[in-house]
Amino acid sequence: MPELPEVETVRRGLAPAVEGDVIARARVNRPDLRWPFPDRMAERLTGARVIRLGRRSKYLLADLSTGETLVWHLGMSGRVLVSGRMLGDYVHDHPAPAKHDHVVFDMGRGARITFNDARRFGAMDLVATDRVESHWLLAGLGPEPLGNAFDEPYLVARLRGRMTPIKAALLDQRVVAGLGNIYVCEALHRAGISPRRKAGRIAAPRVAGLVPVIRQVLAEAIEAGGSSLRDYRQADGELGYFQHAFRAYGREGAPCPADGCTGTIARIVQSGRSTFYCPQCQR
Ligand SMILES: [Zn+2]
């Protein structure tokens, strides 16, 4: 499942192909993905200029000249392909129409944006731009982990008294938006905090120390172009999968890479999901 760095990577790859350009033709090949598309979505998108492509948590937000914003979630295995003429240069030939190409945007400058989503966990909706923050998918989200509102005093206050494991607390999208299983495991490993520790029982300075670590882990992943699991493609249209080097995630049985640690990465299941951590240096 794409996490925040992967969505940000898609946003950065997509922005040059769409920002400032008009959606000359929007094609919607089915009535729904995870949820029904909004009424007349293709008609409402066709002819709209994309003013800005932003992101909130794992949602892409395309602000349109019509006063609406396209809210777009990539789902579990959604692929965004950019093809055709873009900014005067040929980048990728249009792919042959494929099964699961559910939404296609032909842009005025010649780029084609194809959203292929085999499992159909993706979503698109249209909402008035001035009400986007109150959209039902976005209204309950906590601060952006890379934004100014996510700081040490905030996290310490938010986790005070919480008796859930720290891993579950960080996955709670109301606490911080956009963190998923992979980067929570990575951040806790780097911070030396056991994923099993109750959030409210961790000393405040250690909780505060999670803030720069979370930012660093995410920033590094974005810098690396986003990591890629399963059949996820990069937004620039390349077919190659980017494989990010994780320190703990997916490394059960491997030596712990922390400086001076002789431990072994272990896997446990928490709330039905795998947690990877080092029982020796994560306390
Ligand atoms: Zn270790």
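The values are calculated or read from the model by the stated rules, or taken from the named source; none is laboratory data. The structure displayed is predicted, hence computed values, not measured ones. FYI the Cβ positions are ideal-geometry reconstructions off the backbone, even for glycines, and counts take in every protein chain you see.
Pick out the one residue from R52, R34 that is assigned to a strand (DSSP E or B) and among the basic types (K, R). Spell out the reasoning first.
Details: R34 fails: assigned to a strand (DSSP E or B).
When all the criteria are applied, what remains is R52.
Return the residues of the range 111-128 that are outside any strand (DSSP E or B) and surrounded by fewer than 19 Cβ atoms within 10 Å (Cβ to Cβ); say none if nothing qualifies.
A118, R119, R120, F121
Could you tell me how many of the residues in the range 145-161 are among the aliphatic types (A, V, I, L, M) and not in a helix (DSSP H, G or I)?
Final tally of qualifying residues: 2.
Out of all the residues in the range 256-283, which are in contact with a helix residue (DSSP H, G or I) (Cβ under 8 Å, 6 or more places away or on another chain), under 24 Å from M1 (Cβ atoms) and either part of a strand (DSSP E or B) or within 7 Å of the ligand (Cβ to nearest atom) (or both)?
Q270, R273, S274, T275, F276, Y277, C278, Q282 - these are the residues of the range 256-283 that are in contact with a helix residue (DSSP H, G or I) (Cβ under 8 Å, 6 or more places away or on another chain), under 24 Å from M1 (Cβ atoms) and either part of a strand (DSSP E or B) or within 7 Å of the ligand (Cβ to nearest atom) (or both).
This table checks each residue for (1) surrounded by fewer than 21 Cβ atoms within 10 Å (Cβ to Cβ); (2) within 23 Å of the chain's Cα centre (by Cα); (3) in a helix (DSSP H, G or I).
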site: M163; (1), (2), (3): yes, no, no
site: Q173; (1), (2), (3): yes, yes, no
site: R196; (1), (2), (3): yes, no, no
site: G200; (1), (2), (3): yes, no, yes
site: I222; (1), (2), (3): yes, yes, yes
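Are any of the residues in the range 34-48 within 30 Å of V184 (Cβ to Cβ) and surrounded by fewer than 22 Cβ atoms within 10 Å (Cβ to Cβ)?
Let us first name the residues in the range 34-48 that are within 30 Å of V184 (Cβ to Cβ), namely 34-35.
Still in the list and also surrounded by fewer than 22 Cβ atoms within 10 Å (Cβ to Cβ): 34-35.
Yes, because at least one residue in the range 34-48 is within 30 Å of V184 (Cβ to Cβ) and surrounded by fewer than 22 Cβ atoms within 10 Å (Cβ to Cβ).
Filter the range 58-76 down to the residues that are assigned to a loop (DSSP other than H, G, I, E, B) and surrounded by fewer than 20 Cβ atoms within 10 Å (Cβ to Cβ), then identify the one that is modelled with the lowest pLDDT.
Ranking the candidates gives M76 first.
Starting from the range 265-283, keep only residues that are farther than 13 Å from Y249 by Cβ and in contact (Cβ under 8 Å) with a residue 24 or more places away in the chain, then list their pairs with residues that are away from the ligand (no atom under 16 Å from the Cβ) and part of a strand (DSSP E or B) whose Cβ atoms are within a distance under 7 Å, requiring at least 6 positions of separation or different chains.
What qualifies is Q270/P165.
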